[in-house]
Amino acid sequence: MSDSPASRLKELLSYLNLTPSEFASANNIPKSSISMYLSGKRLMKADRVGELAIKYRINAAWLMGMDVPMKEQTYYTNSRQRKPHRNYLITRI
């Protein structure tokens, strides 16, 4: 079962111990947009979800409400290399 993006954003704010106003300021997002995201009247665009996922090291799919872990997972392709491969749903181009 998945949750709404609004409930996931509320959970993220709680996890970060930030108010909506502090979160808006820290991420250069208008307070009115945060209010609409939290009320469920508006959804975040994919690029904004991706930016937040990268900044806070969370899974973008989780923030969109999908039933996946909140924190991103790091996979190692070769135990000798130990170079992490980050699993992002949305990447920058």
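The values are calculated or read from the model by the stated rules, or taken from the named source; none is laboratory data. Note that the coordinates shown come from a computational prediction; the quantities given were computed from them, not determined experimentally. Cβ placement follows ideal geometry from the backbone for every residue including glycine, while neighbour counts extend to all protein chains displayed. The area values use the complete protein model at the heavy-atom level, side chains included, leaving out ligands, DNA and RNA. Shrake-Rupley method; radii C 1.70, N 1.55, O 1.52, S 1.80 Å.
Assorted remarks:
- Spin-label model distance (nm) - SER4 vs SER33, 7 Å beyond Cα toward Cβ: 2.0 nm
- Solvent-accessible heavy-atom area per residue, rounded to whole Å², over region 1-59 at 1.4 Å: 61 Å²
- Three-way shape call for region 1-49 based on the alpha-carbon gyration tensor, with the a/c threshold at 1.5: oblate
- Mean Cβ count within 10 Å, highest first, over the residues of peptides 10-22, 32-44: 32-44, 10-22
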